[in-house]
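Okay, so here's the structure we're looking at.
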Amino acid sequence: MNWKRSLVSAAKAVIARLLNKQGGTIVSQDGKSYLCDDIVLGDQWRSIKYRVRAVGWLAACFFPAVFLSLGLSQKGNIEFAAWVFFVFLVGQFTFRLFRERSIIRNRAGSVATVIGAARKPLEAGHVRSLRYRFAAADGKIYSGKSGWTGKTLPQVGQTVPVLYKQNDPSHNLALFDFWFYTFNF
């Protein structure tokens with residue numbers, strides 16, 4: 001275990017030197033600076049505890065079940081529409097579950113900088129989304145997009161915690177955007 005820590009420390013030092021690390025930010029070749037807590041806090045990200053979020057599982061079971069019951073009990077166009085929605089919802093929830101599980105199983109974390117926040121009107125309120133950018137442990141800059149459930153959107157330049165697949169950081173989610181898991185710090 002000790003050799004792993006020394007290897008990680010050496011890799012962090014090389015990455016920091018390559019990326020011109022200055023005061024907690026990384027200055028990339030294009031002159032923009034990004035916050036990179038992977039270099040400083042990598043071990044802490046791996047120790048984040050998670051647990052199953054019951055609301056996500058209930059939603060994943062309840063909403064498809066409603067359309068399944070409509071598909072089994074109705075006839076005609078309603079039956080067809082119910083089956084289409086049932087298949088669609090099962091596919092969406094299954095895809096999301098596998099995406100989240102793949103990130104959780106091989107996770108690494110970073111602190112992302114918000115580069116855009118949008119609020120679009122919808123019939124029942126507003127849809128909020130964030131675009132963020134973060135530096136992964138491999139030294140490259142990645143971006144992502146997440147939904148936002150808070151009342152006020154973070155301002156551009158503020159930070160949000162992000163988990164990503166260690167072997168493929170392009171697969172990432174902000175911590176608040178997980179449907180099936182919740183996290184304890």
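The values are calculated or read from the model by the stated rules, or taken from the named source; none is laboratory data. Since this is a predicted model, take the numbers as computed values, not measurements. Don't worry about glycine lacking a Cβ; one is built from the backbone with ideal geometry, like all the others, and counts go over all protein chains shown.
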Handout entry: residue 89 being surrounded by fewer than 17 Cβ atoms within 10 Å (Cβ to Cβ), within 24 Å of residue 58 (Cα to Cα) and more than 16 Å from the chain's Cα centre (by Cα)
Key = no
Problem - Sole residue being of a type in the set (Ser, Thr, Tyr), closer than 23 Å to residue 169 by Cβ and not in a strand (DSSP E or B), chosen from 129, 102 - result: 102
Practice task
Output yes when any residue across the range 133-141 is without any contact (Cβ under 8 Å) to a residue 24 or more places away in the chain, not hydroxyl-bearing (Ser, Thr, Tyr) and not assigned by TED's automatic domain parsing to the domain that holds residue 63, and no when none is.
Solution key: no
Handout entry: One residue from 107, 99 being at pLDDT 90 or above and under 22 Å from residue 57 (Cβ atoms)
Key = 99
Handout entry: Answer from 107, 128 - the residue that is surrounded by 13 or more Cβ atoms within 10 Å (Cβ to Cβ) and more than 14 Å from the chain's Cα centre (by Cα)
Key = 128
Exercise for the section: With the checklist (1) out of contact with any helix residue (DSSP H, G or I) (no Cβ under 6 Å at 6 or more places or on another chain); (2) touching a residue at least 40 places away in the same chain (Cβ under 8 Å) in hand, flag the one item residue 163 doesn't pass. Expected result: (1)
Handout entry: In the range 139-184, the residues that are touching a strand residue (DSSP E or B) at 6+ places or on another chain (Cβ under 6 Å) and not in a strand (DSSP E or B)
Key = 148, 153, 154, 156, 158, 166, 175, 177
